[in-house]
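Visitor: To start, I am sharing the structure in question, which I have written as structure tokens.
What follows draws every value from the coordinates through simple rules; no lab data is involved. Everything quoted here is computed from the prediction, not taken from an experiment. Note: ideal-geometry Cβ built from the backbone for every residue, glycine included; neighbour counts use all protein chains shown.
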Amino acid sequence: MKYRYVLFDLDGTLLDTNELILRSFEHALETHVPGQYTREHVLPHMGEALIDQMERFVPGRSQELVATYRKFNIEHHDALVTEFPQVNEVLEKLHQAGIKMAIVTSKMRLTAQMGWELVGIGRYFDAFVTADDTEKHKPHPDPLLMAMRLLGADPEQTLMVGDSPYDILGGQAAGVKTAAVAWSLRGEAGLREHKPDYMIHDMQELQKILLETR
């Protein structure tokens, strides 16, 4: 088995939170700076830490926008979040095969945990690193390095799986191989330019890489 450790991004990779995120941004931006932004302005930055995104949109007022975003996000979370196809099935097989897995997300722990508990995938993971756990976030390697420490992982046997350039760049900075998911809102072309080691089109393709690659 080539990879014994896997780091997963959460939103847009395992959980389909895209509509929830976009609606939360639309609500926060329209509440505080009406008429200035649409979801098209948000899409290029999805996967970046929330506070950094809000600071970019409305400098100096990021904290109040984050508070509005999070209130809406929590209130509408369970109605708008689902897992992507084959997620539970494949995670269970990887877990049974002895692969150690961690979630590495730029979300705060409260809403990240709401997501992994909603779809029942938390039991497959040996470690969880959220925005609350590190000062720097993806694409900085710190969150990935923390996850590997928690797993006792060898970087040469570790794969980072995600849907954004921040996941790929973070993996490269941490010295691990990377897999981009083609179901990202950015599309396959938007991820290939960052040179992931793998481009996967469904979870079963990831399963083959992890369980059949020697």
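Visitor: With an 8 Å Cα cut-off and a minimum separation of 6 or more residues, compute the relative contact order for the chain in percent.
Guide: Worked out over the chain, it gives 27 percent.
Visitor: Return 99, 51, 21 ranked ascending by Cβ neighbour count within 10 Å, so the fewest neighbours appear first.
Guide: 51, 99, 21
Visitor: Who wins for biggest fluctuation among 152, 115, 162 in a Gaussian network model of the chain, springs between alpha carbons below 10 Å?
Guide: So, out of 152, 115, 162, the one fluctuating most is 152.
Visitor: Peptides 88-98, 177-187: what's the order by average Cβ count within 10 Å, highest mean first?
Guide: Packing proxy ranking, top to bottom: 177-187, 88-98.
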